[in-house]
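See below for the structure under consideration.
Derivation of every value follows stated rules applied to the coordinates shown; laboratory data play no part. Every value quoted in this text rests on a predicted model; they were computed, and no experiment measured them. Positions of Cβ are backbone-derived with ideal geometry, glycine not excepted, and every protein chain shown enters the neighbour counts.
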């Protein structure tokens, strides 16, 4: 049998051409379409709400008496958490 794509001689029972990788028969089933989630306002509202809550938590933690932990460390951790949440939300919106 000859490959329909490149014309190479292949075995009669071959499923694909060993040279170009083309299928020897037409597919029986079509793959299911990939469902994309809607980019609704719900995810944006949830992200903004999470960021606001994290900022409020950071402000609250800044006012607490931290035993032995410098205030700068608290702010750095809070800023890192806010940055991570914002970057994840941005990456999720780009998909």
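Listing for the model above:
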quantity	calculated
Rough spin-label spacing in nm, given labels placed 7 Å along Cα→Cβ, for residue 1 and residue 85	5.8 nm
Neighbour-count order for 1, 61, fewest beta carbons within 10 angstrom listed first	1, 61
Full-extension gain in nm, residue 77 to residue 19, via 0.36 nm per residue minus C-alpha separation	15.4 nm
